[in-house]
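Peer 1: There's a structure below that I have some questions on.
The values are calculated or read from the model by the stated rules, or taken from the named source; none is laboratory data. Quick caveat: nothing in here was measured; it's all calculated off a predicted structure. A quick note on method: Cβ atoms are made from the backbone with ideal geometry, for glycine too, and the neighbour counts reach across all protein chains shown. When the accessible area is computed, the model is the full protein with side chains, heavy atoms only, and any ligands, DNA or RNA have been set aside. Shrake-Rupley method; radii C 1.70, N 1.55, O 1.52, S 1.80 Å.
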Amino acid sequence: NPSRADSDGDGYSDPYEMANFSNPNDAEDHPFTYVVADSISEFSGEQGQDGWVNGYRNFTDDGGEMNYDPTTLFIAYEPTMWTGSAWDLDSGGNAPWTTQSAQTVHPNGTNSTPFGEHWAIRRWVAEPTDILEVTPVAIIWHVRKNNPYNGGVSGLLFINGELVDSRVIPGNDTTGTERRFYV
């Protein structure tokens, strides 16, 4: 409501709620005060740090089912695949172009024969001390293209190997979208 500073009357101003990723039209959606995990600020070259493991899935070799078992089909990058700023499956020049940095990924597609299709994955596993009781969690994720050329990109959010949210970004959209999923 443009005529009110706090549209939903929850005590948080609309600009404050928007800046802190809550809905200014929903009195039950409050700005979060505790971040459990942040894939950008916690990105590193150490697998398992802060619960994050970076890797990929060989979509061709594992059967190509959308939902999958992340404990058996997720492949973590080897320590030698860390370049100092990104994980790179092709660091030896003999694999598909699959990389991850703090804010970018490049999965290879079906055009990368003979390697097959690989999906870059950031996987976070909560430690028992991260969430001490049943707690609603908002997963806030963003997908966009880095350049306006060629085809679009897809962002997929899986929880325990089950697809729960997705978004396709057209080829010329470098702004993308921010998504929210509650679990």
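Peer 1: Go through (1) on the phi > 0 side of the Ramachandran plot; (2) without any contact (Cβ under 8 Å) to a residue 40 or more places away in the chain; (3) open to solvent by less than 30 Å² (accessible area, probe 1.4 Å) for Pro24 and report which single condition fails.
Peer 2: (1)
Peer 1: Out of the residues in segment 157-177 that are assigned to a strand (DSSP E or B) and touching a residue at least 60 places away in the same chain (Cβ under 8 Å), which is farthest from the chain's Cα centre (by Cα)?
Peer 2: Per the criteria, the residue is Glu162.
Peer 1: Mind checking whether some residue in segment 143-152 is aromatic (Phe, Trp, Tyr) and either surrounded by 15 or more Cβ atoms within 10 Å (Cβ to Cβ) or within 15 Å of the chain's Cα centre (by Cα) (or both)?
Peer 2: no
Peer 1: From the list Ile140, Ile131, pick out the single residue that is part of a loop (DSSP other than H, G, I, E, B) and surrounded by fewer than 17 Cβ atoms within 10 Å (Cβ to Cβ).
Peer 2: Ile131
Peer 1: Residues of segment 14-65 being under 18 Å from Ile139 (Cβ atoms), of a type in the set (A, V, I, L, M) and in a loop (DSSP other than H, G, I, E, B), which ones?
Peer 2: Val35, Val36, Ala37, Ile40
Peer 1: Related question: Among Thr71, Thr60, Thr80, which is the only one that is under 21 Å from Ile131 (Cβ atoms) and open to solvent by 70 Å² or more (accessible area, probe 1.4 Å)? Spell out how you get there, then give the answer.
Peer 2: On the way: Thr60 fails: under 21 Å from Ile131 (Cβ atoms); Thr80 fails: under 21 Å from Ile131 (Cβ atoms).
Just one listed residue meets the conditions, Thr71.
Peer 1: Right, something else. Among the residues of segment 99-114 satisfying the criterion of being over 20 Å from Glu42 (Cα atoms) and open to solvent by less than 40 Å² (accessible area, probe 1.4 Å), which is modelled with the lowest pLDDT?
Peer 2: Ser112
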